[in-house]
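See below for the structure under consideration.
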Amino acid sequence: MLAKRTQEERIQKVRQLISEYYGISGKLKALQGEADENYLMESDGGEKYSVKISSANISEKEVEFQTVLLDYLDGKTGLILPKVVKSLNKNAYEKVDLKGEPKILRLLTWVPGRLYADMNPQNSGLLISLGKACGELSKTLTGFDHPEAHRKQLWDPAQADWIKGHFDKFSEPEQVVIALHFYELYDAIRPLMKQLRKGVNYNDANDHNVIVNGDSKNPLINGFIDFGDVVHTYKINELAIVLAYAMMGKNNPLEAACHVILGYNEIFPLEENEVEALFALTCIRLIITVTSSVINKKEHPDNEYLLISEKPAWDLLEKLVKIAPAFAHYRFRAACGWSACPKADKIRKVAKNQSLRFADVVEGLSSPKLYWMDLSVGSLELGNAANYQTTKAFCRQVDRLMEDRDAAISIGRYDEVRPIYTTDAYLQHGNDGPGWRTVHLGVDVFAVAGTPVYAAYDGIVHSFANNSSARDYGPTIILEHEVKGVKFYTLYGHLSVKSLTGLTVGKPFKKGELLAWFGDEKENGEWPPHLHFQMMSDMLNYEGDYPGVVYHDELDVWKQLILDPMSYMGLTSPEGDKHDAEKIIEQRKKRLGRSLSISYQRPLHIVRGFKQYLYDSTARRYLDMVNNVAHVGHEHPAVVRAGQEQMAVLNTNTRYLHEELVHFAEELTATLPKELSVCHFVNSGSEANELALRMVKANTGSRDMIVLETGYHGNTNGCIDISSYKFDGKGGKGAPECTHVVPTPDLFRGLYRSDDATAIKKYIGHVEQALLSITERGRGLAGFIAESIMSCAGQIPLPQDYLKEVYKIVRSIGGLCIADEVQVGMGRVGEKFWGFELHDVVPDIVTIGKPLGNGHPLAAVVTTEAVAERFASGMEYFNTFGGNPVSCAIGRAVLSVVREEGLQQNALQVGENLIRELKQLQTQYPIIGDVRGNGLFSGFELVRQGLMPATEEAVYLSNRMRDKGVLMSTDGPDNNVLKLKPPICFSATDMEFFLEKLEEVLKEDFLKL
């Protein structure tokens, strides 16, 4: 209480001083600060000011310096910066007495906006904006100087010598090692620092001094505050300081740094020597931060603001110490738009001038029959993911491919994106979700174990190692070469252990001299026998090992560190027929119907699927929360195998006898109530519902259908006529005359928003009204169709007893009931195998869609004997592809996988847990208005105050989840519902990943209420 009272008295005194010297009265709020007392003043007239009270140890000259500086900057940039407010005495500041202490009182204009520290996400766009704003400040300050700027400044990276005497104060030995490492790096660039440009720097672009505009859709840096650390120093230190803060809290700090550098360099072009010094200066600035924190802990233990950056700084330093400084330098160069590694350019130039040609590292490379093996992410040769999920399977597939082509030697390409590297061993958590080292930068030569390997060029042994314990290169030899004074290196990996016998560093080898032998699977990390050969421009301090598979996002740098050796080997890769995403989009626009949409603001180029995952052209893995069609998992090996085996033997129509058809019908009807016993096989859910409509009309002689609002049943003419989602949606023309739409029984935001019996009865009453309307016109009812859980309407479960009562009403006047199970059937809802079973009803007709074929064009209509008999009125129903042996084999395999892998039980357990966890998130994030569903068919609805649909926020969330590696989509009449309907092999681990990424996005500014 005493501290609070003292603070209140302090604020009251400051208010009095402001009133006395500036004639301004209003509210005053204390703010955090390092050296000054800081306050926000909001005058009675609504104007805002920054109040600064400086301690006596800050000289008047320093305050005057800041005044001159701010006056100089005024109006010279597009940035919003504080301006000096003159006192009633026309002074830039006033010397005052505050409780017996001499102080300096200043008033500055308030810089509106948000602190960069509070922004979430700090994404690439904001980081680029940060770089541009700092570049603008550097550019503007280039023409400014002042005697007071030439001073001692502890926060200046150019004056870091003072920190070394405090390293013994760090609490952990590892911290001392890190600090010494970066101090030595800083020491090493001192000769370079003498060449750097100098000038006045702002010197304090930390995340609590950077201001962001208030635009939630397009946040940009628009201002800076606190000019107390301005100093004359190396110009590059401005960027070093902003990088030190911008990289904090980032999984991939260099990626964040590169975005800032890109923006900065665009406004204030950098020089090559500045970029060379940048990493060391950035790191030493971080060491200054942690050193200051350890001192402040003792001198100012109560000032938490002084320690605010300590932990994130140490976390960042622990990441940076693992990065080769040269690699950081090359990434920074690439961010500037320059050639990342000048050494690579020299090597290529010398190689061209000297017509560099390697010896064949393996005999037979000159053969015209050389087999180029396609191991790319979308490779049809590589085939199903089961062929490479284990090294044993991969070995078997490689052997099979070479045997089928009678190849003694085959080549794996340089710069090939491979799915075999999508295991967790190659995982890196980036700033926006997971990424994998998937790009193979080397040439693989596949042959039998023991195949001789020859030196590519004259050189000496640089290093060697037995890496057999790691699933990597196995035994490896690296040679160092020199051509016209330019060095390069070649690596030979996956060798036999005997290849290392007698080797010494510096041992010479002649071009074409026997160097080593292929290792077998036990020696080379369990990979197939092959040579991994690569050519490097810079060793990055590696010895006996070197990365051979890299992250796609870093490819611009790595392709200059690991050069393409194929031209020097006399190899020319066959041309592929692959397009990038932009080319595909262009061709789609030209050749495909304009009504065909593409998901996400940044479309995905998907080339492979497996189980609950999809893979893009960079082999980045996405957790698929959308594709219920891939019911048991994308390209499930058992389903693929069933289709391949049957397709290799016979695929014909149903006018011939074949056991697959009757076996499939028996197995499918065994999952349904006994009344539903007759099958008709078709190719899609739309075709199934079209056929069901024909059956209904044939049985009743009527055409009038009752349908639910926002229901969707397919894209044929007949299905569109009963799909409110289409005819009431964009481009629709309203309900046809024979279609009667009743309100969707949505108890959250529907016509009646209660789950009591009265509300449900009102919804049922609309069905009765529709029937009355039909009978008053002297017509009969054909039927009623509904999904057991409504999908396009927004994942809406029908209320208990709703279907039971509606079915009774419909049947009371001779109508038939269709259960559309295209989306929800076959174990997805968990508790039951079919969605309609949740409602204790048996429909007259069930329609089943593509999930039955796991994406293969297969669907079915199952009905009662009576309905089927009346439909068979003489007109034959024949479908060329419906019920063919291949489709039936696939359908049987899908049913078998659901049964044998316990996927219905999985949908129940994981689905219930998922819904429970989503409801827990709902209590923390009020934008989640409702969570609903059954099993692995669920969703959540985003709303604003008053249950207004949060449509923009839902679209934002879907796209941000895509950025983080999760595929979702929006639906519902207001497009504000996030649908969750993954393949039902979706696991508890997947759920944890999904929830982790979902909460990350829910915390972002755009989704805050």
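The values are calculated or read from the model by the stated rules, or taken from the named source; none is laboratory data. Just so you know, these numbers come straight off a predicted model, no measurement behind them. Cβ coordinates were reconstructed from backbone atoms using ideal geometry, including for glycine residues, and neighbour counts include every protein chain displayed.
Which residue is surrounded by the most Cβ atoms within 10 Å (Cβ to Cβ), if the candidates are limited to segment 12-34 and must be more than 41 Å from the chain's Cα centre (by Cα) and of a type in the set (A, V, I, L, M)?
Looking at the filtered set, the residue picked out is 18.
Please give the helices (runs of 4 or more DSSP H) falling wholly within segment 685-740 in which 2 or more residues are buried (at least 23 other Cβ atoms within 10 Å of the Cβ).
685-700
Filter segment 433-451 down to the residues that are surrounded by 20 or more Cβ atoms within 10 Å (Cβ to Cβ) and within 21 Å of residue 618 (Cα to Cα) and list them by number.
433, 435, 436, 437, 438, 439, 440, 441, 442, 443, 444, listed by residue number.
In segment 534-561, what residues are out of contact with any Ser or Thr (no Cβ under 7 Å at 6 or more places or on another chain) and over 20 Å from residue 426 (Cβ atoms)?
537, 538, 539, 541
Filter segment 823-873 down to the residues that are at positive phi and either touching an Asp or Glu at 6+ places or on another chain (Cβ under 7 Å) or at pLDDT 95 or above (or both) and list them by number.
Passing the criteria: 826, 827, 830, 840, 854.
Residues of segment 440-474 being modelled with pLDDT of 95 or more, part of a loop (DSSP other than H, G, I, E, B) and not polar (S, T, N, Q), which ones?
Across segment 440-474, the qualifying residues are 441, 442, 447, 448, 449, 450, 455, 456, 457, 458.
Conditions tested, residue by residue: (1) part of a loop (DSSP other than H, G, I, E, B); (2) more than 14 Å from residue 691 (Cβ to Cβ); (3) in contact (Cβ under 8 Å) with a residue 12 or more places away in the chain.
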site	(1), (2), (3)
838	no, yes, yes
842	yes, yes, yes
847	no, no, yes
869	no, yes, no
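How many residues does segment 301-339 contain that are modelled with pLDDT under 95 and in contact with a Lys or Arg (Cβ under 8 Å, 6 or more places away or on another chain)?
Number of matching residues: 1.
Could you tell me which residue of segment 765-806 is surrounded by the fewest Cβ atoms within 10 Å (Cβ to Cβ), considering only residues that are hydroxyl-bearing (Ser, Thr, Tyr) and under 45 Å from the mean Cα position of the chain (by Cα)?
Going through the qualifying residues, I end up with 802.
How many residues does segment 315-324 contain that are touching a residue at least 60 places away in the same chain (Cβ under 8 Å) and surrounded by fewer than 19 Cβ atoms within 10 Å (Cβ to Cβ)?
Of the residues in that region, 6 qualify.
Any residue in segment 593-608 that is of a type in the set (D, E, K, R), under 30 Å from residue 333 (Cβ atoms), in contact (Cβ under 8 Å) with a residue 60 or more places away in the chain and in a loop (DSSP other than H, G, I, E, B)?
Within segment 593-608, one or more residues are of a type in the set (D, E, K, R), under 30 Å from residue 333 (Cβ atoms), in contact (Cβ under 8 Å) with a residue 60 or more places away in the chain and in a loop (DSSP other than H, G, I, E, B).
Does segment 36-80 hold any residues that are part of a loop (DSSP other than H, G, I, E, B) and over 21 Å from residue 97 (Cα atoms), and which are they?
Correct list: 44, 45, 46, 47, 74, 75, 76, 77, 78, 79.
Among the residues of segment 501-535, how many are under 23 Å from residue 549 (Cα atoms) and of a type in the set (A, V, I, L, M)?
Count: 3.
What number goes with the only condition from (1) out of contact with any helix residue (DSSP H, G or I) (no Cβ under 8 Å at 6 or more places or on another chain); (2) under 30 Å from residue 337 (Cβ atoms) that residue 561 does not pass?
The one condition residue 561 does not meet is (1).
Please find, among 198, 152, the residue that is over 25 Å from residue 51 (Cα atoms) and in contact with a helix residue (DSSP H, G or I) (Cβ under 7 Å, 6 or more places away or on another chain).
152
Out of segment 219-245, which residues are in contact with a helix residue (DSSP H, G or I) (Cβ under 7 Å, 6 or more places away or on another chain), over 13 Å from residue 132 (Cα atoms) and not in a loop (DSSP other than H, G, I, E, B)?
231, 232, 233, 234, 236, 237, 240, 241, 244
Within segment 522-558, how many residues turn out to be part of a loop (DSSP other than H, G, I, E, B) and touching a Cys at 6+ places or on another chain (Cβ under 8 Å)?
Adding up the residues that qualify gives 5.
If you scan segment 405-435, which residues turn out to be assigned to a helix (DSSP H, G or I) and free of Cβ contacts under 8 Å to residues at least 24 places away in the same chain?
Residue satisfying the conditions is 424 alone.
Residues 831, 900, 821: which one is free of Cβ contacts under 8 Å to residues at least 12 places away in the same chain, closer than 15 Å to residue 671 by Cβ and within 40 Å of the chain's Cα centre (by Cα)?
After ruling out the rest, the residue left standing is 900.
Touching a residue at least 12 places away in the same chain (Cβ under 8 Å) and in contact with a Leu (Cβ under 7 Å, 6 or more places away or on another chain), is that true of residue 551?
The answer is no for residue 551.
Is there a residue in segment 379-389 that is touching a Pro at 6+ places or on another chain (Cβ under 8 Å) and outside any loop (DSSP other than H, G, I, E, B)?
Yes, some residue in segment 379-389 is touching a Pro at 6+ places or on another chain (Cβ under 8 Å) and outside any loop (DSSP other than H, G, I, E, B).
Would you pick out the residues in segment 332-342 that are within 17 Å of residue 489 (Cα to Cα) and crowded, with 20+ Cβ neighbours inside 10 Å?
341
Regarding segment 530-542, can at least one residue be identified that is modelled with pLDDT under 95 and touching a Gly at 6+ places or on another chain (Cβ under 6 Å)?
Within segment 530-542 (the criterion being modelled with pLDDT under 95 and touching a Gly at 6+ places or on another chain (Cβ under 6 Å)), the answer is no, since none of the residues qualifies.
Of the conditions (1) of a type in the set (Lys, Arg); (2) at pLDDT 95 or above; (3) assigned to a loop (DSSP other than H, G, I, E, B), residue 762 satisfies every one except a single condition; which number is it?
Answer for residue 762: the failing condition is (3).
Among the residues of segment 510-546, write down those that are more than 31 Å from the chain's Cα centre (by Cα), within 20 Å of residue 486 (Cβ to Cβ) and surrounded by fewer than 17 Cβ atoms within 10 Å (Cβ to Cβ).
Hits for segment 510-546 are 510, 511, 541.
Across segment 625-660, which residue is surrounded by the most Cβ atoms within 10 Å (Cβ to Cβ) among those that are part of a loop (DSSP other than H, G, I, E, B) and of a type in the set (Gly, Ala, Ser)?
633
Do we have residue 672 as of a type in the set (A, V, I, L, M, F, W, C), surrounded by fewer than 18 Cβ atoms within 10 Å (Cβ to Cβ) and part of a loop (DSSP other than H, G, I, E, B) here?
So residue 672 fails the test.
Being in contact with a strand residue (DSSP E or B) (Cβ under 8 Å, 6 or more places away or on another chain) and among the β-branched types (Val, Ile, Thr) is the filter here, so list the residues in segment 338-393 that pass it.
347, 350, 361, 362, 377 - these are the residues of segment 338-393 that are in contact with a strand residue (DSSP E or B) (Cβ under 8 Å, 6 or more places away or on another chain) and among the β-branched types (Val, Ile, Thr).
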